[in-house]
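See below for the structure under consideration.
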Amino acid sequence: MMRLVRLLMACALMAGLAPAAHAQPRDPILVPEISQHEVIVRQGFTGADLLLYGAILQPDGRARPGTSPYDIVVVLKGPSEAINLREKRRIWGMWINADSAQFRSAPSYYAVASSRPLSDIVDPRTAAIYELGVNYLQLSPIGAIRPEEVSRFAEGLVAKREASGLYSQQEDAVSISEGVLYQARIALPSSVLTGTYTAETFAIANGRVLASATSEVTVSKKGFERAVEVASRQWSLAYGLMAVALSVFMGWAAGRLFALG
């Protein structure tokens, strides 16, 4: 409720101001907000449901209820990470690693929601520039690799992460009320990485991006989960040895219990 009040106050304040200097006179002004700016990952975390919403102000800085002349696309992107993909092939009846590809900056999480199908909003060139859609992510391959191989591995990465809920594309998922307020719900699965997530909103008309606005969400661990994460990074060898020792002990203890039973 407080965030909604602040949003309405910001709209009222901007109504009395001239449009931003970098915006063209005909461009809309976006005022974005998120239901949670911090997501805490604790034991038993099952994911989070984020509401991304905001206001669309007209070029004169005022809200004019009615039918919106703009399409809205919302993109939530997680921290980028380097990734090494391997392709398995069946050779002599066995599945073994064959070809591989490395990407320098694959987003660990990517979700896009739009007011209409993306193909009806932007052309492929604009979609590639702004990375609007899972098929237009710029993954930055490392080394010499043929374009067709890049496409094959990129499709495999997208399919794998879509299956785990880390990548998603939701069309017709942004609702616009009275041409002023927009909202979209995006789910974070329990397997998301910690870090800073960027939520970017685009106002688009006639295939052109007229305005954009950015906000952030922090996903972090606290308490015991945070201590385990820090230990795994700072003392990786000791952490690995302890994990192996604990697994061996648990296996031995389970065997003893079954033997006694």
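The values are calculated or read from the model by the stated rules, or taken from the named source; none is laboratory data. The structure displayed is predicted, hence computed values, not measured ones. All Cβ positions, even for glycine, are placed from backbone atoms using ideal geometry, and neighbour counts span all protein chains on display. The area values use the complete protein model at the heavy-atom level, side chains included, leaving out ligands, DNA and RNA. Shrake-Rupley method; radii C 1.70, N 1.55, O 1.52, S 1.80 Å.
Please verify whether the stretch 42-59 includes one or more residues that are at pLDDT below 80 and in contact with a Pro (Cβ under 7 Å, 6 or more places away or on another chain). Scanning the stretch 42-59 turns up at least one residue that is at pLDDT below 80 and in contact with a Pro (Cβ under 7 Å, 6 or more places away or on another chain). A Cβ distance below 8 Å, combined with a sequence gap of six or more or placement on separate chains, defines the contacts here; from the stretch 189-203, residues that are on the phi > 0 side of the Ramachandran plot reach residues that are open to solvent by 20 Å² or more (accessible area, probe 1.4 Å) in the pairs GLY195/PRO79; GLY195/THR218.
If you check ALA128, ALA163, ALA159, ALA144 for being closer than 23 Å to GLU81 by Cβ, surrounded by fewer than 17 Cβ atoms within 10 Å (Cβ to Cβ) and touching a Phe, Trp or Tyr at 6+ places or on another chain (Cβ under 8 Å), only one passes: ALA128.
The helices (runs of 4 or more DSSP H) found entirely in the stretch 111-218 that carry 3 or more residues being within 15 Å of the chain's Cα centre (by Cα) are 147-163. Among the numbered conditions (1) at pLDDT 75 or above; (2) within 18 Å of ILE176 (Cα to Cα); (3) polar (S, T, N, Q); (4) exposed (fewer than 15 other Cβ atoms within 10 Å of the Cβ), the only one that THR67 does not meet is (1).
Let's see how each residue does on (1) assigned by TED's automatic domain parsing to the domain that holds PRO59; (2) closer than 30 Å to GLY44 by Cβ; (3) free of Cβ contacts under 8 Å to residues at least 40 places away in the same chain:
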| position | (1), (2), (3) |
| --- | --- |
| VAL150 | yes, no, no |
| PHE153 | yes, no, no |
| GLU162 | yes, yes, yes |
| GLU178 | yes, no, no |
| GLN183 | yes, yes, no |
| GLY207 | yes, no, no |
